Each structure stands twice: as structure tokens, then as C-alpha cells.
Amino acid sequence: MYDRVAAMVQVVTTVETSEQSEQVAEHLLDARLAACIQVDGPIRSHYVWKDTRESASEYRLVIKTRSELTEMLVRRLSEIHPYETPEILVTPVIWAAEDYLAWVREQTDGA
């Protein structure tokens with residue numbers, strides 16, 4: 001078994017449509033870069049883009065993967081993401097249930 005501390009990360013990103021969230025999820029799961037992807041939405045985002053205040057509906061994806069796949073997942077997500085400058089935030093998981101971590105490892109073993 002591997003260390004439960006920081007053995008996995010959660011990666012958060014947002015996309016404009018439900019269809020885009022499904023496409024991103026399918027791509028990452030098919031590549032076995034993620035074990036699970038949860039989608040929230042629509043959510044409302046407020047931000048400044050190119051000197052203009054914006055407000056938009058978005059869908060948030062929370063992607064679960066092994067820590068050692070972080071760079072590969074972020075690189076792939078950047079390639080397939082529909083946004084010019086996507087939000088991609090990585091948070092280490094400081095502790096997780098041993099059975100869940102084993103499942104995450106099994107689901108991402110082919111990456």
C-alpha cells in the first residue's frame with residue numbers, strides 16, 4: 001500500500017457548458033488520468049477579463065487523481081480546455097481513506 005498522506009490531489013477547473021464538462025470528464029477518464037470527476041453547476045462566476053468586468057454561468061469540475069499524475073493531467077487539461085486561460089487549481093489531499101486511495105490508484109493505473 002502507499003502513503004495516504006498527499007497520495008492524491010484534487011484538480012479544479014471550470015468550463016462554460018454542461019457539454020464541455022462532459023467532454024473534459026470523458027477525455028480524462030478515458031486517458032485514465034482521473035479516477036472520478038464531479039461536476040457542479042451551473043455556478044455564477046464574476047471576474048475581470050481584458051479590463052472588462054464579466055459575469056458568467058459555468059460548470060465546476062473537481063477531478064480526483066494520484067499526486068504523481070498531476071503534471072500529466074494538468075498538461076492534458078490545458079491542451080483540451082476550451083478557455084484561452086483556464087482556471088486549473090491543484091490541491092493536495094492531506095488524508096484519505098485507504099480503500100478510496102486504493103480505488104483511485106486502480107482507476108488511474110493505466111495512465
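The values are calculated or read from the model by the stated rules, or taken from the named source; none is laboratory data. Only a predicted model underlies this, so the values are computations on that prediction, with no experimental measurement involved. Every residue, glycine among them, receives a Cβ derived from its backbone with ideal geometry; neighbour counts consider all protein chains shown. For the accessible areas, the whole protein counts, side chains as well, though only heavy atoms, and no ligand, DNA or RNA atoms are used. Shrake-Rupley method; radii C 1.70, N 1.55, O 1.52, S 1.80 Å.
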Practice item. Compute from the Cα atoms of the chain the Rg and the Dmax, the latter being the longest Cα-Cα distance, and quote both in angstrom. Key: 14.7, 50
Check your understanding: trypsin sites (Lys or Arg not before Pro), restricted to region 1-97: which are DSSP loop and have at most 13 other Cβ atoms within 10 Å?
Key -> 50
Revision key, fill the gap. Mean projected area, convex hull of alpha-carbon positions in region 13-62, reported to one decimal in nm², is 3.7
Check your understanding: Per residue of the chain, what 222 nm ellipticity follows from adding -39500 (n - 2.57) for every DSSP H run with n ≥ 4, rounded to the nearest 500?
Key -> -9500 deg cm²/dmol
**Study point:** Cut-off of 10 Å, at most 16 other beta carbons, DSSP loop: longest stretch of the chain lacking such GluC sites (Glu not before Pro)
**Key:** 17-83
Check your understanding: Hey, if we sort 46, 27, 81 by accessible area with the 1.4 Å probe, largest down, what's the order?
Key -> 46, 27, 81
Study note, to complete from the structure: Out of 73, 89, 29, a Gaussian network model of the chain with alpha-carbon springs under 10 Å gives the largest mean-square fluctuation to 89
Practice item. Just subtract the alpha-carbon distance of residue 111 and residue 62 from 0.36 nm times their residue separation and send over the number in nm, one decimal. Key: 15.8 nm
Review point. Under a 1.4 Å probe, what is the accessible area of the chain per residue, stated in Å²?
Key: 60
**Study point:** Virtual paramagnetic centre 7 Å along Cα→Cβ of residue 10, amide N under 14 Å, in region 91-105
**Key:** 91-97
